[in-house]
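Chemist: One structure coming up, written as structure tokens, with questions to follow.
The values are calculated or read from the model by the stated rules, or taken from the named source; none is laboratory data. Here the structure is a predicted model, which means the values were calculated and not measured. Each accessible area value is taken on the protein alone, full model and side chains, heavy atoms only, with ligands, DNA and RNA left out. Shrake-Rupley method; radii C 1.70, N 1.55, O 1.52, S 1.80 Å.
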Amino acid sequence: MSLQNGETPAPDAEGPGPGGGPNAGTTPPPGPCSPPPPAPRRGRPRSEAVERAIFEAVGGLLDEGVPLTELSVERIARTAGVGKATIYRRWSGKEDLFVDLLRSLEPPDPVLPGTSARDDLVALLESLRQRGLAKRSSALLHTVFSQMQLYPKLWDAYQLTVIEPRRRLGLDAVRRGMERGEIRDDLDVEFVNDLLTGPLLLRTVVRPGSTLEPGLAERVVDTVLDGLRPRT
């Protein structure tokens with residue numbers, strides 16, 4: 001069923017809302033043998049069709065030249081054909097919405113093979129290369145990134161929820177390589193990770209016109225690891 005004229009999805013499509021029913025929002029106290037109550041969930045269960053309509057509304061407004069700072073929740077809801085409550089059930093505000101939109105446009109986080117430091121690091125750097133290519137080919141990604149750094153709250157949220165988890169993947173891969181004797185263990189882990197990711201970040205952020213050719217991830221990893229092998 002399509003959404004029209006500001007309608008919100010019917011309650012039975014996504015479960016009762018915060019005020020749905022006389023006992024909504026209450027949980028009976030656990031008995032002595034009862035399992036602990038489940039962790040609270042954010043908002044209602046997600047509806048992919050509703051989220052897609054909201055994301056498309058944001059993308060359409062940005063394509064029309066509307067700056068991020070002028071994209072209010074009310075305007076997004078009106079364009080998507082949903083109510084403001086539908087958005088607030090999913091996101092605490094437009095910053096969270098924008099971060100989820102960016103995440104949906106990017107390649108998924110890589111699954112590391114775990115067979116060696118080289119294999120893990122190649123997978124990580126290939127993911128960076130693919131993200132760089134996606135940013136170049138997506139006008140929406142380019143628009144959002146060009147404005148986001150002028151919007152500190154959004155930039156901080158993106159760094160915390162998207163960049164930092166991927167950075168931890170790299171740090172963990174380097175640590176495992178040191179523990180296995182594949183990388184010198186007398187070096188700072190963050191420094192080694194910077195040596196590996198630096199060339200990709202340079203080509204995707206500082207010099208966005210640089211080539212991101214296939215095989216670049218392998219070439220960077222092999223070159224750096226050649227200088228980081230344990231000394232005999």
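Chemist: What figure, in Å² to the nearest 10, do you get for the accessible area of E218 with a 1.4 Å probe and non-protein molecules left out?
Modeler: Ignoring ligands and nucleic acids, E218 comes out at about 70 Å².
Chemist: Which whole-Hz couplings ³J(HN,Hα) result when phi for each residue of region 217-230 is put into the Karplus expression 6.51 cos²θ - 1.76 cosθ + 1.60, θ = phi - 60°, listed in order with x for Gly and Pro?
Modeler: 4, 4, 5, 5, 4, 5, 5, 5, 5, 4, x, 10, 5, x
Chemist: Using only the Cα atoms of region 54-210, build the gyration tensor, take square roots of its eigenvalues as a ≥ b ≥ c, and label the shape rounded, prolate or oblate: rounded if a/c is under 1.5, else prolate if a/b is larger than b/c, else oblate.
Modeler: Numbers: a/c = 2.73, a/b = 2.19, b/c = 1.25.
Prolate is the answer for region 54-210, as a/c is 1.5 or above and a/b outweighs b/c.
Chemist: Any idea of the accessible area per residue across region 77-140, 1.4 Å probe, to the nearest Å²?
Modeler: For region 77-140, the per-residue accessible area is 42 Å².
Chemist: Could you look at region 166-232 and say what percent of its accessible area is carbon and sulfur, using a 1.4 Å probe and all protein chains?
Modeler: On the way: 2120 of 4000 Å².
Taking all protein chains in place, region 166-232 shows 53 percent carbon and sulfur surface.
Chemist: Return one quarter of the surface area of the convex hull spanned by the alpha-carbon atoms of region 182-231, equal to its mean projected area, in nm².
Modeler: It is 3.7 nm².
Chemist: Let me ask something else about it. Taking just the C-alpha trace of region 127-232, give me its Rg and Dmax in Å.
Modeler: 15.7, 50
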